[in-house]
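Colleague: To start, I am sharing the structure in question, which I have written as structure tokens.
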Amino acid sequence: MEDARSHYIYSGYQLHFERDERPMSFFGGVTSYWPDGRDVTAETSFDLGSLTKVICTTSVVARLVERGSI
């Protein structure tokens, strides 16, 4: 995550999952490359609107591949 951030793939990240029923969280970077960007913490909220395009597009493409359409 830090390597991608250091190469300007994204300004900050927040990842949370559970493994063996134990929660694990990783976060780092800043909320924006602009001077007013704040440090990302476990409590930082991100706009999900920017994710909906990726999630929907990926789901549709996966279904088309599964059907053999593409």
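Values quoted throughout were computed directly from the atomic coordinates according to the rules given, and no laboratory measurement underlies them. Being a predicted model, the structure only gives us computed values, none of them experimental. Here the Cβ positions follow ideal geometry from the backbone for every residue, glycine too, while neighbour counts run over all protein chains shown.
Colleague: Looking only at the stretch 40-58, which residues are exposed (fewer than 10 other Cβ atoms within 10 Å of the Cβ) and not β-branched (V, I, T)? Steps first, answer last, please.
Modeller: Within the stretch 40-58, the subset exposed (fewer than 10 other Cβ atoms within 10 Å of the Cβ) is 42-43, 45, 47-50, 53-54.
The answer is A42, E43, S45, D47, L48, G49, S50, K53.
Colleague: Further question on the same structure: Limited to the stretch 26-70, what total is found for residues that are in a loop (DSSP other than H, G, I, E, B) and under 22 Å from I9 (Cα atoms)? Lay out the reasoning, then the answer.
Modeller: At the first step, the residues of the stretch 26-70 found to be in a loop (DSSP other than H, G, I, E, B) are 31-38, 40-48, 68-70.
Now restrict to residues that are under 22 Å from I9 (Cα atoms): 31-38, 40-48.
Within the stretch 26-70, residues that are in a loop (DSSP other than H, G, I, E, B) and under 22 Å from I9 (Cα atoms) number 17.
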